[in-house]
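S.K.: Here it is, the structure in full.
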Amino acid sequence: MNSSKAQFNKEGYLILKNFFSKEILQEIYADARQLFAVQIKRILGKTVNIDNKDEFEQAMFEFFEKDFNAFVNTGKQSQHLISMHRLGTDEKILSLLKGLGYEFPTIAVRPAMQFNSRHLSKGGSHWKLGAHQDWRTGQGSLDSVVLWFPLIDCNADLGSLQIIPASHTDGLMKADTTGYLGSIQEEIPEEKYVQTEFEVGDLLIFSAFLIHRSGNNITQNIRWSVQLRYNNIAEETFQERGFPMPYIYKPEENLVTPNFPQKEQLAQIFA
């Protein structure tokens with residue numbers, strides 16, 4: 001692990017082959033598709049085979065167009081899958097973090113599942129992110145890291161991440177903070193980017209300061225991936241800044257579904 005730590009500190013990232021069990025990732029992938037299948041059946045009136053990629057993903061696109069609000073809410077529910085959260089506290093991840101020098105690792109934000117396709121985006125910003133640094137949205141410890149991994153084999157055609165090695169020591173870049181992630185405004189030469197490719201089970205771990213962007217998904221399929229973020233409580237500036245938490249989770253003030261539930265519905269649930 002000492003050589004891995006030295007490489008990570010120098011390049012700002014590591015790609016670890018076969019880090020995760022394929023069976024565990026397949027469970028998360030299946031849970032996510034099954035979640036969408038429930039609403040696809042309700043909205044489109046058809047039962048889809050989640051293991052038939054083309055059939056299922058075409059239904060995803062139709063669901064997106066038919067009921068955008070329900071699609072967004074289903075996407076939000078996918079961020080709370082127990083199988084994904086269970087993986088985020090796996091001992092193998094904690095061992096990896098400690099091997100990289102994390103004395104007191106903590107989860108920075110809840111796990112995030114992403115399903116990127118040009119057919120699942122209204123404005124374009126959520127399927128192909130431009131150059132950015134994840135630290136700007138997290139503002140955690142200076143050694144905070146991101147673990148990114150696909151749930152399917154992921155190559156350049158599917159839009160796998162493009163990274164700039166060693167850019168994690170260039171400092172926090174100027175960015176447009178009005179967007180989703182704060183796109184870097186400076187021009188970056190194309191030749192600096194390195195295209196990554198993954199098989200299911202591979203892991204990319206990188207510094208939250210590493211400059212990266214989405215690749216260009218030129219296929220008709222969805223790029224399914226997960227990212228986990230961690231801070232290091234032992235990092236001194238994180239302590240001195242009082243452990244800032246810029247992510248805000250709060251409930252809606254009003255009922256999302258008006259006049260729901262009725263007393264009779266509760267009586268039926270608990271009968």
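S.K.: Mind putting a number on the dipole of the chain about its Cα centre? Charges go on the C-beta only, +1 for Lys and Arg and -1 for Asp and Glu, and I need it in Debye to the nearest 20.
M.R.: 500
S.K.: Using only the alpha-carbon atoms, how far is helix 53-66 inclined from the longest principal axis of the chain? Give it as 0 to 90 degrees, nearest 10.
M.R.: 70
S.K.: If you don't mind, there's one more thing I want to ask. Of Asn231, Ile40, Gln195, which is farthest towards the positive pole of the chain's charge dipole, taken about the Cα centre with +1 and -1 on the beta-carbons of Lys, Arg and Asp, Glu respectively?
M.R.: Highest projection toward the positive end goes to Ile40.
S.K.: Would you mind ranking Arg213, Arg229 by Cβ crowding within 10 Å, fewest neighbours first?
M.R.: On the way: Arg213 20, Arg229 23.
Starting with the residue having the fewest Cβ neighbours, the order is Arg213, Arg229.
S.K.: Can I ask one more? Roughly how many nanometres apart are two label points built 7 Å out from the Cα toward the Cβ at Ala166 and Asp54?
M.R.: Output for this residue pair reads 4.5 nm.
S.K.: So what's the angle, to the nearest 10 degrees on a 0 to 90 scale, between helix 22-44 and the longest Cα principal axis of the chain?
M.R.: 40
S.K.: Note the full-extension length gain between Ile188 and His85 as 0.36 nm times their separation in residues minus their Cα-Cα distance, in nm to one decimal. Could you put the intermediate results ahead of the total?
M.R.: Details: separation 103, 0.36 × 103 = 37.08 nm, distance 3.51 nm.
The Ile188-His85 span can extend by a further 33.6 nm.
S.K.: Next question, about the same structure. For the chain, with a Gaussian network of springs between Cα atoms less than 10 Å apart, report the residue from Asp134, Asp67, Asp202 with the top mean-square fluctuation.
M.R.: The residue that fluctuates most here is Asp67.
S.K.: Would you please give the residues with an amide H less than 5 Å from that of Ser183, counting only those at least 5 places away or on a separate chain, with H modeled from the backbone geometry?
M.R.: Sorted by chain and number, the residues that satisfy this are Asp176.
S.K.: Follow-up. Which trypsin sites (Lys or Arg not before Pro) in region 91-151 pass both tests, a DSSP loop state and at most 11 other beta-carbon atoms within 10 Å? List each step's numbers first, then the result.
M.R.: Values: sites: Lys92, Lys98, Arg118, Lys122, Lys128, Arg136; in loops: Lys122, Lys128.
Taking region 91-151 and a limit of 11 other Cβ atoms within 10 Å, the loop trypsin sites (Lys or Arg not before Pro) found are Lys122.
S.K.: Additional query: Lysines within cross-link reach of Lys66: Cα-Cα under 24 Å, excluding same-chain residues under 8 positions apart?
M.R.: Reachable lysines: Lys41, Lys46, Lys53, Lys76, Lys122, Lys128.
S.K.: Compute the label zone of Gln239 within region 82-118: residues whose backbone N is under 14 Å from the point 7 Å along Cα-to-Cβ.
M.R.: Flagged as within label range: 103-105.
S.K.: Specify which labelled value, from (i) 1.07; (ii) 0.94; (iii) 0.99, agrees with Cα Rg over 2.2 N^0.38 Å derived from the coordinates of the model shown.
M.R.: Answer label, from the structure shown: (i).
S.K.: Could you pull out every one of the lysines with an alpha carbon less than 21 Å from that of Lys5, ignoring same-chain neighbours closer than 8 positions?
M.R.: Reachable lysines: Lys17, Lys92, Lys98.
S.K.: Calculate, for Glu62 and Asp157, the FRET efficiency according to 1/(1 + (r/R0)^6) with r their C-beta to C-beta distance and R0 25 Å; round to the nearest 0.05.
M.R.: Efficiency, rounded to the nearest 0.05: 0.60.
S.K.: Ranked highest first by the average count of other Cβ atoms within 10 Å around their residues, in what order do 240-253, 146-159, 188-201, 4-17 fall? Please report the intermediate quantities before stating the final value.
M.R.: Working: 240-253: 8.5, 146-159: 20.6, 188-201: 14.2, 4-17: 15.9.
Packing proxy ranking, top to bottom: 146-159, 4-17, 188-201, 240-253.
Only the coordinates and a few stated rules stand behind these numbers; no lab work does. Computed from a predicted structure; not experimentally measured. Glycine also receives a Cβ, built like all others from the backbone with ideal geometry; neighbour counts cover every protein chain displayed.
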